[in-house]
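Scroll down for the structure; my scribbles are underneath it.
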Amino acid sequence: MLGQIFSILGMILTIVSFQMKTRKQILLMQTAGSGLFLLSYIFLESWAAVYLNIVFLVRNIVFYFSKDKKWAQHKIWLAVLLVAVVAAGSVGFRSWVDILPIIGSVFGTVAMYMTSENMLRLLKLGDSPCWLIYNCTVPSWGGVICEVFNITSIAVGLIRYKKEGFGTKKEDPAL
């Protein structure tokens, strides 16, 4: 029961994050949501998701400071965090369904690396369906509801913040 409560609280913060205007605000809300999901998955004994959420906390903190702190500006962080996502997901691997959070986490990590808020939102659309299916199998009902609302919130955020040159900030590392 406690795991479900944490997942619902994580859900609220994650959904709200896509309505934030700046990347830092999105990352801050995502970090808080990941912390709550981490606690949720501990109670659910879903170890692949536990390990991945630990990586998410590190990822979000690094990317939060990537414009302000020299230590966080190295491009190697993306590669290190992608390897960490695959490794963390693999350690908790128990069945075929555990590959879905890994795939979703790769999308999410690349998304959080983007400096364009709309490119971040767009890439997170690759993340949510993987977690949606995974959460159906755990089951994490807060996670299921979260991903349905995340997809909706991402779409609303993309529409609300659509600007000329959508997703093409010059400083985006992927461009």
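The values are calculated or read from the model by the stated rules, or taken from the named source; none is laboratory data. Worth saying up front: this structure is predicted, and the values here are computed from it rather than measured. Note that we place each Cβ from the backbone using ideal geometry, even for glycine, and neighbour counts take in every protein chain shown. Side chains are part of the model used for accessible areas, which takes the heavy atoms of the whole protein and leaves out ligands, DNA and RNA. Shrake-Rupley method; radii C 1.70, N 1.55, O 1.52, S 1.80 Å.
Numbers below:
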{"item": "Where a label projected 7 Å from the Cα of Trp141 along Cα→Cβ would reach, residues of segment 1-36 with amide N under 17 Å", "result": "1-12"}
{"item": "Degrees, to the nearest 10: 2-17 long Cα axis against longest axis of the chain", "result": "20"}
{"item": "Contact order relative to length of segment 4-74, as percent, for alpha carbon pairs under 8 angstrom and 6 or more apart", "result": "29"}
{"item": "The chain: calculated mean residue ellipticity at 222 nm from DSSP helix runs of at least 4, using -39500 (n - 2.57)", "result": "-25000 deg cm²/dmol"}
{"item": "Share of pairwise Cα separations in segment 1-73, more than 19 Å, in percent", "result": "36"}
{"item": "Computed label-point distance, nm, for sites Ile76 and Ser95 using a 7 Å Cα→Cβ extension", "result": "4.0"}
{"item": "0 to 90° range, to nearest 10: angle between helix 47-64 axis and the chain longest Cα axis", "result": "20"}
{"item": "Convex hull of segment 87-132 built on C-alpha atoms - directionally averaged projected area, nm²", "result": "3.1"}
{"item": "Average silhouette area of segment 34-77, convex hull of alpha-carbon atoms, in square nanometres", "result": "3.2"}
{"item": "Segment 60-134 - percent relative contact order, Cα under 8 Å, separation 6 or more", "result": "26"}
{"item": "Percent carbon-and-sulfur accessible area, the chain, ignoring ligands, DNA and RNA, probe 1.4 Å", "result": "73"}
{"item": "Relative contact order, percent, the chain [alpha-carbon distance under 8 Å, six or more residues apart]", "result": "24"}
{"item": "Accessible surface, 1.4 Å probe, highest first, among residues Lys70, Lys24", "result": "Lys70, Lys24"}
{"item": "The chain, accessible area per residue, ligands and nucleic acids excluded (1.4 Å, Å²)", "result": "48"}
{"item": "Inter-probe distance in nm under a simple model that places probes 7 Å from Cα toward Cβ, at Ala87 and Leu2", "result": "3.0"}
{"item": "Lys67/Thr152 FRET efficiency (R0 22 Å; Cβ-Cβ; nearest 0.05)", "result": "0.15"}
{"item": "Rg followed by Dmax, in Å, when segment 1-153 is reduced to its Cα trace", "result": "14.0, 42"}
{"item": "Segment 39-128 - convex hull of the alpha-carbon atoms, volume per residue in Å³", "result": "89"}
